[in-house]
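Asks: Input: one structure, supplied below.
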Amino acid sequence: SLSSLSPVSSLPRRHVSVANRVASATSAGDAAKVWREVNAMAAQPGMTNMGQGYPDYAGSRVAREAAAKALSTTNLNQYSPQIGLEPLREEVARFYERFYQSKYDPNREIVVTTSGQEALACIMQAFLNPGDEVIMFEPFYPFLLGAIRLSGATPRAIRLQSPGFNFSEHDLYSALTSKTKAIIVNSPHNPTGHVLTADELDALVNFCKKNDLLALSDEVYENAVFPGKAHVRLADMPGMRDRTITVSSGGKLFSLTGWRVAWAMGPEALMSSLAYAHTNITYCAPVPLQAGIAAALAAENGDFAVEEGDGRSWRIRELFAGNFELLASALKEGAGLNICEAQGGYFLVGQTTGMRDVEFCRKLAEDKGVVCTPLSPFYLNMQKEEACTLVRFTICKSRSYMEEACRKIRGSSSRSK
């Protein structure tokens, strides 16, 4: 009977304990503490939050109106197929054929996920085994590290050097071991804004093909490449389609980061396993929001236009590039930062003249009323010298928001005004 069972409190602690893989993932570094402090600073009255990468403007009107209509459509408030709403998968396929001449079967080679982050987690669960090693580039998107470690795999980092954050084929081989199974690439890169060069793409192709590696290409910022540059998909490089899974995001493309609708694309032989992992994690993304993203993809002309409340309208790449230049000038003049190079993305990275990153962030918040993000949580080893002198600012804001932030940075002490 139930009454004869021992209470949980009397069980040996080996039963009521955290899984080893979770303990390993959460014990490395003090990133969570840093994030909590940054968020607390940003929540203070009068602060301008330049640390987190989300827009302050409304996002795609087409997507929002289509999602609102979907809320009044009975079947669009129920589960979609696990791999995503059929109209969305079809529009994803049309989008990549229209803008990149890349062809994907919407029924076998595209899986809609609940965010790009979930897509990456599904990839780790579907393809990595305990003991496998994964090459990544640091600084890196912090939540990528947890996804790798929760799969039981081990990250091996290639450190990108400021101010250009480039890498060579020699760097790739420095991280290769007999246990390497995959490499994770992110272009445009979070946090640095680096866009892969032709030489880097060639090096990646040769490296993956020669060593039979799976390539995970995080391309969620694909529409934010600055003017004069072009986004080149890793999967479109010679010989890479059958070994590359590409992740992109409707939330990022259409400035609706809270919607958490994204997708992964790749060959059928890989996508069936990814779909299985996704089914067992979230099953399906929010269906009305899938409908909204499908409508936005169908209507998109490549500008990804941004409308501000003051009536100004921008092509997204021109808005972000202009924001980068405005912010770079203000940070050099008002905060003494050295600005690192970027060719796209949501962020600007600056380097202090010796002050540790967390200390700089505290001082900027106190003196200027502007919050930024320390880059130490973006490294495997938070104590490395450069990791502790780099800071990140967002540029995915309206021009009016950026102008106000720059005014405060140039001012003597905006918190007293």
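Asks: Roughly speaking, to the nearest percent, how much of the chain's 1.4 Å accessible area is carbon and sulfur? Could the numbers behind the result be given before it?
Replies: On the way: 9020 of 18060 Å².
C and S fraction of accessible area: 50 percent.
Asks: Of the candidates Ala294, Ala321, Ala19, which one comes out as most mobile in a Gaussian network treatment of the chain with C-alpha springs shorter than 10 Å?
Replies: Result: Ala19 has the largest fluctuation of those listed.
Asks: Pairs Lys69/Lys229; Lys209/Lys229; Lys363/Lys397; Lys33/Lys229; Lys209/Lys252: which are spaced more than 28 Å apart, C-alpha to C-alpha?
Replies: Working: Lys69/Lys229 37 Å; Lys209/Lys229 26 Å; Lys363/Lys397 23 Å; Lys33/Lys229 37 Å; Lys209/Lys252 30 Å.
Pairs exceeding 28 Å: Lys69/Lys229; Lys33/Lys229; Lys209/Lys252.
Asks: Given +1 on the Cβ of Lys and Arg, -1 on the Cβ of Asp and Glu, and no further charges, what dipole in debye does region 320-400 carry about its Cα centre, rounded to the nearest 20?
Replies: Working: 9 positive and 9 negative charges, 44 e Å.
Result for region 320-400 is approximately 200 debye, rounded to the nearest 20.
Asks: Using a 10 angstrom cutoff on alpha carbons, build the Gaussian network for the chain and name the most mobile of Pro227, Pro188, Pro286.
Replies: Looking only at Pro227, Pro188, Pro286, the largest GNM fluctuation is found for Pro227.
Asks: Given [x] 22.5; [y] 23.9; [z] 24.4, which label gives Kirkwood radius over Cα pairs in Å as computed from the coordinates?
Replies: Calculated Kirkwood radius over Cα pairs in Å: the matching label is [x].
Asks: If you don't mind, another one. In the Gaussian network model of the chain, springs joining C-alpha atoms below 10 Å, which of Tyr96, Tyr57, Tyr346 carries the largest mean-square fluctuation?
Replies: Tyr96
Asks: A further question follows. If you wrap a convex hull around the alpha carbons of region 245-344, what volume per residue comes out, as a whole number of Å³?
Replies: Values: hull volume 17.0 nm³, N = 100.
Roughly 170 Å³ of hull volume per residue.
Asks: Rounded, prolate or oblate, given the Cα gyration tensor of region 271-417, with a/c below 1.5 counting as rounded?
Replies: Working: a/c = 2.44, a/b = 1.41, b/c = 1.73.
Because a/c hits 1.5 or more and a/b fails to exceed b/c, region 271-417 counts as oblate.
Asks: How big is the gap, in Å, between the Cα center of region 109-135 and the Cα center of region 272-335?
Replies: 22
Asks: A further question follows. Considering only protein heavy atoms, what is the solvent-accessible area of Arg21 at a probe of 1.4 Å, reported in Å² to the nearest 10?
Replies: We get 130 Å² for Arg21.
Asks: May I ask you to derive the FRET efficiency for Glu403 and Asn77 from their Cβ-Cβ distance with R0 = 41 Å, giving the value to the nearest 0.05? Intermediate results must be reported in sequence, preceding the final value.
Replies: Working: r = 41 Å, r/R0 = 0.99.
So the FRET efficiency works out to roughly 0.50.
Asks: Right, something else. Can you return the lysines within cross-link range of Lys210? Criterion is Cα-Cα under 23 Å, with same-chain partners fewer than 8 residues away left out.
Replies: Partners within reach: Lys179, Lys181.
Asks: How far is it, in nm, from the label point at Ser174 to the one at Ala269 when both lie 7 Å from their Cα along the line to the Cβ?
Replies: 3.3
Asks: Once R0 is set to 22 Å, what does the formula 1/(1 + (r/R0)^6) return for the Cβ-Cβ distance between Thr279 and Arg21, expressed as a FRET efficiency to the nearest 0.05?
Replies: It comes out at approximately 0.55.
Asks: Another question about this same structure. Would you mind computing, in nm to one decimal, how far apart the modelled labels at Phe143 and Lys210 are, each placed 7 Å from Cα along Cα→Cβ?
Replies: Label at Phe143, label at Lys210, 3.6 nm between them.
Asks: DSSP H helices in the chain with Cα extent of 18 Å or more along the helix axis and mean Kyte-Doolittle hydropathy at least 0.0? Please list the in-between numbers first.
Replies: Numbers: long enough: 86-100 (21 Å, -1.09); 198-211 (20 Å, -0.33); 287-299 (19 Å, 1.66); 316-335 (27 Å, 0.42).
Flagged H segments are 287-299, 316-335.
Asks: For region 105-214, rounded, prolate or oblate, judged on the Cα gyration tensor with a ≥ b ≥ c (square roots of eigenvalues), a/c < 1.5 rounded, else prolate if a/b > b/c? Don't jump to the answer; show the numbers that get you there.
Replies: Numbers: a/c = 1.41, a/b = 1.28, b/c = 1.11.
Rounded shape, in that the Cα axes give a/c under 1.5.
Asks: Compute the Cα gyration tensor for region 49-105, then decide on rounded, prolate or oblate, letting a ≥ b ≥ c be the square roots of its eigenvalues: rounded whenever a/c is under 1.5, prolate when a/b is larger than b/c in the other cases, and oblate in all that remain.
Replies: Values: a/c = 2.04, a/b = 1.12, b/c = 1.82.
Since a/c reaches 1.5 but b/c is at least a/b, the shape of region 49-105 is classed as oblate.
Asks: Mark the label point 7 Å from the Cα of Lys69 along Cα→Cβ and return the residues of region 276-301 whose backbone N is within less than 16 Å of it.
Replies: Hits in region 276-301 for Lys69 at 16 Å: 288-300.
The values are calculated or read from the model by the stated rules, or taken from the named source; none is laboratory data. Treat the numbers as computed from the prediction; the structure is a model and nothing was measured. Note that we place each Cβ from the backbone using ideal geometry, even for glycine, and neighbour counts take in every protein chain shown. Heads up: the accessible areas ignore ligands, DNA and RNA and are worked out on the full protein's heavy atoms, side chains in. Shrake-Rupley method; radii C 1.70, N 1.55, O 1.52, S 1.80 Å.
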